[in-house]
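Colleague: What follows is a structure written as structure tokens; I'll ask about it next.
Throughout, read-outs are computed from the coordinates displayed, never taken from laboratory work. If you're wondering where the values come from, they're calculated on a predicted model, not measured in any experiment.
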């Protein structure tokens, strides 16, 4: 059975710390891996990683795909209270359905001032 | 820029009642989908559509119906609500498949 596992489930750090969130996957057919940030309600898109582009960076956030280890990490440097959110990882693994994303349960990140 | 608009934000139903969750997007996206989010679990796909007049089932379609008569609208109908359908529901759209989903603000549904 295809699955995506995120760790840790929750994390509490102080403002200014650097955090690393993990996402590992076991899927039959890998197309891409996506990261989303969920504050309060709607998830918002952060990054998409494919075999042809294994690292993405945007400001203090960066993500790397390790196809050998079947995993990805999301790094956040110099954390701010506004980074507090649930971070979701999903893998696009087309099989019968070309639109089936497999989602992890998320990592809840709390940044203390 | 409205993006993806979902209504209502909250709803309480009694077992057996039916209702429709509304979803509209103004980005001219062909792909639209409905997810449910339950505590401790990842988002699960209920139904999706790749264009007007085309819908298909996702991972957990039982108890739900959809239709797509226009590019903009993708309503989700609960036929006969059950307590197991208590969840947060999200509508999402994208220009192309799963590459970058835009989510609505969600509907918190409780079935008593």
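Colleague: Quick one: check the C-alpha center-to-center distance for the stretch A:29-50 versus the stretch B:44-101, whole angstrom.
Modeller: Result: 19 Å between the Cα centres.
Colleague: Please state the relative contact order of chain B as a whole percent: Cα pairs under 8 Å, 6+ residues apart? Let's see the in-between values first.
Modeller: Numbers: 300 pairs, mean separation 40.2, N = 112.
Relative contact order for chain B comes out at 36 percent.
Colleague: Could you grab the relative contact order for chain A? Cα pairs under 8 Å, six or more apart, rounded to a whole percent.
Modeller: Details: 283 pairs, mean separation 41.7, N = 113.
Reported relative contact order: 37 percent.
Colleague: Once the Cα gyration tensor of chain B is diagonalised, what are the square roots of 5 times its eigenvalues, in whole Å and ordered largest first, as equivalent ellipsoid semi-axes?
Modeller: On the way: eigenvalues 97, 38, 35 Å².
Semi-axes (√(5λ), whole Å): 22, 14, 13.
Colleague: With every atom except the alpha carbons ignored, what do you get for Rg and Dmax of the protein assembly as shown, in angstroms?
Modeller: Spelled out, the Cα radius of gyration and Dmax of the protein assembly as shown are 17.6, 51 Å.
Colleague: Sorted from largest down, give the three principal axis spans of the alpha carbons of the stretch A:9-105, whole angstrom values.
Modeller: Sorted from largest, the Cα extents of the stretch A:9-105 read 43, 28, 21 Å.
Colleague: Looking only at Cα atoms, what is the convex hull volume of the stretch B:47-112 per residue, in Å³? If you can, show how the numbers build up before the last one.
Modeller: Working: hull volume 5.9 nm³, N = 66.
Convex hull of Cα atoms, per residue: 90 Å³.
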